[in-house]
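To keep things clear, I will list the structure first and then write my remarks on it.
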Amino acid sequence: MIDHSIRAGAHFAFTDRWGGVSTSPYGELNLGGAVGDDPEAVRENRVLAARELGIEPADVVWMNQVHGAEVSVVTRRQADGQAPTVDGVVTDRPLALAVLTADCTPVLLADPVAGVVGAAHAGRPGLAAGVVPATVRAMVELGAEPARITAATGPAVCGRCYEVPAGLRAEVAAVVPTAFAETSWGTPALDVAEGVAAQLAEAGVTSLVRSPVCTLESTDHYSYRRERRTGRLASYVWLGSDH
C-alpha cells in the first residue's frame, strides 16, 4: 500500500514493502535497483507503483545515491541507466522525483507557486554534509521561496532505535545538535529525522509533516539495520496539473 497525500497542490507518496512482484528477501515491492534483486522485478515494481500513483513511469526521476551532499537540477526525462550520482534532485518540469531508502530519511519538498519540487536522501553522512539545505538552495535558484515550501519526511529509523558509537554521535551532533539522541535502552543514538527538521527550519521551511513510522520497528517497511539484505522503499514528490 502507498501512503499518498496532496498538500497545497503537491503530491507526496511513500511506499511500504507490499504489493509488488519481488521474492524473498526483497518481497514484495522492492524499488531499489542496486540491492541484488532481479532487475526485471524492480522494473515491474516501479511501473506498478507509478501506475497506482497515476503518474507515467518514464516521468519518475531516480538517483544513484552515495550518501553525499551533491544536488542535481533535472530538466528532462531520464534515460535508462542515466540516474545522476547525487543525493538531492530538484526540477521545475512536470516530473516526479524519487528517493530510495531503507532506514535513511527521505525528504520531499514542493513550492507549487514557483512550480518547483525537490527530493533529498538524508542518511547520517548526508545530514552532516548538508544535503537538505543544499536541496533547498537549489530550489531557491529555480524560483522557490523557503516560506512557501511544503515539506514531508518519510518512514525512517527513529532516534530511539538508531544506535551509533558515542564518538560518531558527537561528530554528527557537532554539526547538527538536534540529531543527538539516546536509544530506548540507554545507548548513544542519532535522530536523523529530527536533524532534518532542524535544518529545514533553519533554511526557512516551516511547513513540515513527519512520518510516524520507524522502519526498524515496522515489518511493513524495509530496514537495512534489521535485515541487511533487503529491498528499498521509495518516496515520491510531484505537482498536480492544476498547481
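Region 165-227 holds helices (runs of 4 or more DSSP H) entirely within its bounds, and those carrying 1 or more residues that are buried (at least 21 other Cβ atoms within 10 Å of the Cβ), modelled with pLDDT of 95 or more and in contact with a Pro (Cβ under 8 Å, 6 or more places away or on another chain) map to 166-175, 192-202. A Cβ distance below 6 Å, combined with a sequence gap of six or more or placement on separate chains, defines the contacts here; from region 113-125, residues that are of a type in the set (Ser, Thr, Tyr) reach no residue that is assigned to a helix (DSSP H, G or I). Working only within region 219-243, note down all residues that are over 17 Å from the mean Cα position of the chain (by Cα) and within 10 Å of PRO155 (Cα to Cα). None; the set is empty. Listed by first and then second residue, the pairs linking a residue in region 161-184 that is more than 14 Å from ALA197 (Cα to Cα) to a residue that is among the basic types (Lys, Arg), with Cβ atoms under 6 Å apart and 6 or more places separating them unless they lie on different chains, are THR183/ARG160; SER184/ARG160. In region 141-164, how many are of a type outside the set (A, V, I, L, M, F, W, C), under 30 Å from ALA8 (Cα atoms) and part of a loop (DSSP other than H, G, I, E, B)? The total comes to 5. Reported count of residues in region 228-243, each being outside any loop (DSSP other than H, G, I, E, B) and in contact with a helix residue (DSSP H, G or I) (Cβ under 7 Å, 6 or more places away or on another chain), is 2.
Going through (1) at pLDDT below 95; (2) of a type in the set (Ser, Thr, Tyr); (3) under 20 Å from SER218 (Cβ atoms) one by one, SER22 falls short only on (1).
Only residues that are within 17 Å of the chain's Cα centre (by Cα) and of a type outside the set (Asp, Glu): list them for region 180-197, please. Selection gives VAL192, ALA193, GLY195, VAL196, ALA197.
Can you spot a residue in region 142-159 that is closer than 20 Å to ALA69 by Cα, among the aliphatic types (A, V, I, L, M) and surrounded by fewer than 22 Cβ atoms within 10 Å (Cβ to Cβ)? Yes; the residues of region 142-159 include at least one that is closer than 20 Å to ALA69 by Cα, among the aliphatic types (A, V, I, L, M) and surrounded by fewer than 22 Cβ atoms within 10 Å (Cβ to Cβ).
Tell me which residues, restricted to region 63-109, are closer than 18 Å to ALA156 by Cα, polar (S, T, N, Q) and touching an Asp or Glu at 6+ places or on another chain (Cβ under 9 Å). The one that is closer than 18 Å to ALA156 by Cα, polar (S, T, N, Q) and touching an Asp or Glu at 6+ places or on another chain (Cβ under 9 Å): GLN65. Taken over region 158-172, residues that are under 11 Å from ARG124 (Cα atoms) and either of a type in the set (Val, Ile, Thr) or under 21 Å from the mean Cα position of the chain (by Cα) (or both) amount to 3.
The values are calculated or read from the model by the stated rules, or taken from the named source; none is laboratory data. Everything quoted here is computed from the prediction, not taken from an experiment. With ideal geometry, Cβ positions are generated from the backbone for all residues, glycine too; neighbour counts draw on all protein chains shown.
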